[in-house]
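Worksheet for the structure shown next.
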Amino acid sequence: MSNKNKYNSVVFLTTLCLGLVLVNVTPQVLTYAALTRNFDVQTEIEVKDDLDNKPDSEKIESFSNDDFPALFAQFLNEIREEVESGKISLPLQTNFNVNGQFTKSRSGGSSLGSNVSNQDLSIFIQNAVNQKSRPKAFDLADYDSQKTKNVKIRIEANGSDLSLKISFSKSNAEQFTEFLNREFFSSAVLVENALTKQIYENTLVTSENNQVFIITRLPRGSLDALFTNSAK
């Protein structure tokens, strides 16, 4: 028999054997296969549940690229630019606050109040809250049991410091708080800009129940010097 015929015979016998095996598959084998698949599905569900309990990777990446300390640094630099252009006049009011409470639900609702006497500064701060801080906070917040997201943002100044306070609802608040503190610490070490570094170093994240609190406090004297020097 030629090598070609031997090859064809082997192929034929192999195919025939496989066919017989498939035809005579026992119910026990099918049951085993089904149980194995069920196990795989259960494993997938457990893995998914485990991932759901961790901070969302896309949200984490978004936050790291443009987080609240970075937004606060942008906010202060933009005030400096407004002072340089003469759109905001000095000296800045010693004591002021802009306070916002925002809700995202079927009924909706929000409030934003300001006691800033300089109208240009007041409008500028309110726009910064509405256009940057509020969307970022809502993006990170989770819906609570009432299918509602709650966000609070407060910018406050007094004779000793200027502070930014942000809070929002989060289902895994404690874990997310630990993550943010690690990220802010790393950023404080790596960032080169002096103002941004100072903001990271003076930002602390805490949690209580299902709420995350991000608070930044900066010495008022150094900020007033920043704005005054830019106006010269």
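The values are calculated or read from the model by the stated rules, or taken from the named source; none is laboratory data. Please read these numbers as outputs of a predicted model, since none were measured by experiment. Ideal geometry is used to build each Cβ from the backbone, glycine not excepted, and the neighbour counts take in all protein chains shown.
Does at least one position in region 121-128 carry a residue that is closer than 22 Å to Gln211 by Cβ, among the hydroxyl-bearing types (Ser, Thr, Tyr) and surrounded by 15 or more Cβ atoms within 10 Å (Cβ to Cβ)?
Checked against the condition, which is being closer than 22 Å to Gln211 by Cβ, among the hydroxyl-bearing types (Ser, Thr, Tyr) and surrounded by 15 or more Cβ atoms within 10 Å (Cβ to Cβ), region 121-128 yields no hits at all.
If you go through region 185-195 one residue at a time, do you hit one that is under 23 Å from Arg220 (Cα atoms), touching a Lys or Arg at 6+ places or on another chain (Cβ under 8 Å) and either in the same structural domain as Ala70 (by TED's automatic domain parsing) or not in a helix (DSSP H, G or I) (or both)?
yes
Is one or more of the residues making up region 201-222 more than 21 Å from Ile155 (Cβ to Cβ) and in contact (Cβ under 8 Å) with a residue 60 or more places away in the chain?
Looking for residues that are more than 21 Å from Ile155 (Cβ to Cβ) and in contact (Cβ under 8 Å) with a residue 60 or more places away in the chain, one finds at least one in region 201-222, hence yes.
When Glu58 is evaluated against the numbered criteria (1) surrounded by fewer than 18 Cβ atoms within 10 Å (Cβ to Cβ); (2) modelled with pLDDT of 90 or more; (3) not in a loop (DSSP other than H, G, I, E, B), which criterion, by number, is the only one it fails?
The single condition Glu58 does not satisfy is (2).
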